[in-house]
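A short write-up of the structure that comes next.
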Amino acid sequence: MEMGAVVMVPEGQDLTTVHEAHFDAPAAFENTQPHYSSRMPILGNDVLQSWMERVRKLGVKSLWLASGPRDGTVVRSELARLARSGVERLLVIKLKSYAEMDLADLLRFHCQKRNPVTEAHDARGQLGVSLLDRLALRAIEEKQEFSCDSTEQKRPAYKFNGYAKRIFSASERQELVGDALTGACAMRPLGTEIREHLWVGKGASLADSVRLVGPAYIGARTTVRSGVTIGPFVSVEHDCVVDCGTTVERSTVLPYTYLAPGLLIRQGLVDGEYLENLEWGTVVDMQPAGLGSRIQRSEARKPAFKEVPGDGFPRADVFPLQFAPSSSAAQPWLQVRL
Amino acid sequence: MNAGRSVLPFPCAPTSAGRRALRKDLLSALRVFSGSPVVVDLSGCPTLNHEDIDLLLECIAQVAGRDTQLLVVAGTRGNRVLLEVTRISSLAPVFNSVKEALAYPQNAAEIDTEDQRANQSQAVGSA
């Protein structure tokens with residue numbers, strides 16, 4: 001049975017490049033939860049890459065990268081096209097969680113139960129991973145969109161008891177950072193462990209007077225200036241600048257962020273000029289006060305994935321699979337060799 | 001206004017001329033007060049820019065070394081976050097509302113009295 005895989009990346013995020021998209025800033029900065037990009041690195045790791053590795057272990061040779069609405073609905077016409085091209089079983093992963101899931105076990109469960117659709121759940125609900133058989137792919141042609149709502153359809157769900165975190169939530173994301181820094185999950189910081197529980201990425205620059213309190217991570221090409229204190233439970237991702245005397249505790253600083261001198265960032269998630277307080281969920285714009293900003297990239301990064309030349313599937317540039325007309329970011333689906 | 005305590009609205013004029021005038025008024029008012037806490041109320045400012053942060057620091061400097069305590073009313077959670085990030089909250093007590101700020105010296109006095117009582121009883125016990 002030919003098996004295909006689709007990874008749905010929320011719309012507005014670049015499919016081709018790692019770590020390019022930023023979070024959607026809310027219109028008002030008070031008590032509004034922002035939507036973080038699921039493509040943002042976590043301790044230098046790309047969650048998409050981790051899912052791709054799991055799919056590769058399943059024996060699938062290539063997958064489709066697609067962009068869709070943030071609620072995770074997949075446009076039926078695209079799935080139907082995949083079915084028509086010979087795919088008889090489809091693994092759909094919505095990039096909203098990091099889960100250390102054995103996809104082979106999910107597949108076994110799916111085959112044993114003989115369900116047209118199997119959705120993976122943990123104690124908190126859907127994880128955004130589902131398996132569809134040809135029957136389901138045909139059935140959804142009747143509907144406008146495909147939604148993996150097992151409560152609605154009364155399908156038995158695959159219960160996942162392993163490690164999982166939702167990466168859209170700033171607080172869960174911070175929990176994942178803490179777990180990865182302390183070895184409570186399989187994710188490891190991408191860098192060199194210079195001391196116990198202290199990792200530094202390639203090309204990072206640390207002044208002599210910097211105080212590092214583990215566990216902590218400093219990403220590639222990040223500059224940490226004099227008198228800065230980093231940690232504990234901190235992730236400063238790649239290409240950031242933390243200016244003199246600033247303290248960062250129990251927080252994450254996302255890529256290309258500049259933090260002004262003398263600040264105290266505690267229990268926060270900083271993305272450029274925006275800071276979300278993890279305790280209150282309040283988002284503030286620090287730029288008017290000159291406290292933080294987005295660092296402009298010197299040049300666009302090259303795409304991280306190469307498209308597969310035509311081999312039965314429609315190529316993105318020849319036969320673009322467009323998104324629903326309501327989608328604001330119409331990007332073609334991209335096929336990626338694993 | 002509460003017995004002996006003054007509430008000064010923080011200047012949030014949209015124009016720089018208006019802001020300058022209000023800034024002057026605020027700093028003059030702070031110079032006058034002595035002995036009792038002064039509440040600077042940011043409730044009228046939905047967000048703070050670098051001039052606001054500068055002025056707040058100037059206000060704190062104005063009362064530093066004198067027997068006047070400056071209390072800050074953040075008004076919004078966003079302002080409260082910015083006051084923490086800039087460490088202003090470690091220089092002056094920050095409150096959510098004017099009511100809380102006005103109650104603070106009384107509470108603090110009560111806490112001080114309780115601490116003194118506890119210290120006295122400990123001293124008596126150890127003697």
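Within region B:31-50, how many residues turn out to be in a loop (DSSP other than H, G, I, E, B), away from chain A (no Cβ under 14 Å) and crowded, with 18+ Cβ neighbours inside 10 Å? Show your work before the answer.
Initial filter on region B:31-50 (in a loop (DSSP other than H, G, I, E, B)): B:33-37, B:42-49.
With the extra rule that they be away from chain A (no Cβ under 14 Å), the set shrinks to B:33-37, B:44.
Of the ones still in play, those that are also crowded, with 18+ Cβ neighbours inside 10 Å are B:33, B:37.
Within region B:31-50, residues that are in a loop (DSSP other than H, G, I, E, B), away from chain A (no Cβ under 14 Å) and crowded, with 18+ Cβ neighbours inside 10 Å number 2.
Being of a type outside the set (Val, Ile, Thr), modelled with pLDDT of 90 or more and assigned to a helix (DSSP H, G or I) is true for just one of B:100, B:114. Which residue is that? Step through it out loud before you land on a result.
Numbers: B:114 fails: modelled with pLDDT of 90 or more.
Within the list B:100, B:114, the selection yields B:100.
Select from region A:263-285 the residues that are assigned to a loop (DSSP other than H, G, I, E, B) and at the interface with another protein chain (Cβ under 7 Å from one of its Cβ atoms) and write down the one among them that is surrounded by the most Cβ atoms within 10 Å (Cβ to Cβ). Don't jump to the end; show me each part of the working.
Taking region A:263-285 first, the residues assigned to a loop (DSSP other than H, G, I, E, B) are A:263, A:267, A:272-273, A:278-282.
Narrowing further to those that are at the interface with another protein chain (Cβ under 7 Å from one of its Cβ atoms): A:263, A:280, A:282.
On the way: A:263: 24, A:280: 13, A:282: 22.
For region A:263-285, the residue satisfying everything is A:263.
Can you list the strands (runs of 3 or more DSSP E) lying wholly within region A:162-256 that have 2 or more residues being outside the structural domain of residue A:38 (by TED's automatic domain parsing), more than 16 Å from the chain's Cα centre (by Cα) and surrounded by fewer than 22 Cβ atoms within 10 Å (Cβ to Cβ)? Quick ask: steps written out before the conclusion?
Details: elements: A:164-166, A:192-195, A:198-200, A:216-218, A:234-236, A:247-249.
Of the strands (runs of 3 or more DSSP E) lying wholly inside region A:162-256, those with at least 2 residues that are outside the structural domain of residue A:38 (by TED's automatic domain parsing), more than 16 Å from the chain's Cα centre (by Cα) and surrounded by fewer than 22 Cβ atoms within 10 Å (Cβ to Cβ) span A:192-195, A:247-249.
Residue pairs, Cβ under 7 Å, 6 or more apart or interchain, first in region B:43-55 and over 16 Å from residue B:16 (Cα atoms), second assigned to a helix (DSSP H, G or I) and hydrophobic (A, V, I, L, M, F, W, C). List them.
Filtered contacts from region B:43-55: no entries.
Do we find a residue being under 22 Å from the mean Cα position of the chain (by Cα), at pLDDT below 90 and part of a loop (DSSP other than H, G, I, E, B) anywhere in region A:132-148?
Just the residues of region A:132-148 that are under 22 Å from the mean Cα position of the chain (by Cα), to begin with: A:146-148.
Next, only the ones that are at pLDDT below 90 stay: A:146-148.
With the extra rule that they be part of a loop (DSSP other than H, G, I, E, B), the set shrinks to A:147-148.
Yes, region A:132-148 contains a residue that is under 22 Å from the mean Cα position of the chain (by Cα), at pLDDT below 90 and part of a loop (DSSP other than H, G, I, E, B).
Have a look at A:235, A:251, A:205, A:209 and point out the one that is under 21 Å from residue A:180 (Cα atoms), more than 13 Å from every other protein chain (Cβ to nearest Cβ) and of a type in the set (Ser, Thr, Tyr). Before you say what the answer is, go through the steps one by one.
Numbers: A:251 fails: more than 13 Å from every other protein chain (Cβ to nearest Cβ); A:205 fails: under 21 Å from residue A:180 (Cα atoms); A:209 fails: under 21 Å from residue A:180 (Cα atoms).
The conditions single out A:235.
Condition check ((1) outside any helix (DSSP H, G or I); (2) at pLDDT 90 or above; (3) surrounded by 16 or more Cβ atoms within 10 Å (Cβ to Cβ)) across all residues:
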{"site": "A:15", "(1), (2), (3)": "yes, no, yes"}
{"site": "A:28", "(1), (2), (3)": "yes, no, no"}
{"site": "A:38", "(1), (2), (3)": "yes, no, yes"}
{"site": "A:48", "(1), (2), (3)": "no, yes, yes"}
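Give region B:51-89 a look and list any residue that's away from chain A (no Cβ under 14 Å), surrounded by fewer than 16 Cβ atoms within 10 Å (Cβ to Cβ) and not in a helix (DSSP H, G or I), or say none.
B:64, B:65, B:66, B:67
Using the structure shown, decide if residue B:68 is farther than 28 Å from residue A:275 by Cβ and modelled with pLDDT under 90.
Answer is yes for this residue.
Rundown of residues vs (1) in a helix (DSSP H, G or I); (2) modelled with pLDDT of 95 or more; (3) in the same structural domain as residue A:49 (by TED's automatic domain parsing), yes/no style:
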residue	(1), (2), (3)
A:79	yes, no, yes
A:83	yes, no, yes
A:93	no, no, yes
A:101	no, yes, yes
A:107	yes, no, yes
A:112	yes, no, yes
A:115	no, no, yes
A:127	no, no, yes
A:130	no, no, yes
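From (1) touching a strand residue (DSSP E or B) at 6+ places or on another chain (Cβ under 8 Å); (2) within 14 Å of chain A (Cβ to nearest Cβ), pick out the condition that doesn't hold for residue B:5.
Answer for residue B:5: the failing condition is (2).
The values are calculated or read from the model by the stated rules, or taken from the named source; none is laboratory data. This one's a predicted model, so the numbers in the text were calculated from it and none came from an experiment. Every residue, glycine among them, receives a Cβ derived from its backbone with ideal geometry; neighbour counts consider all protein chains shown.
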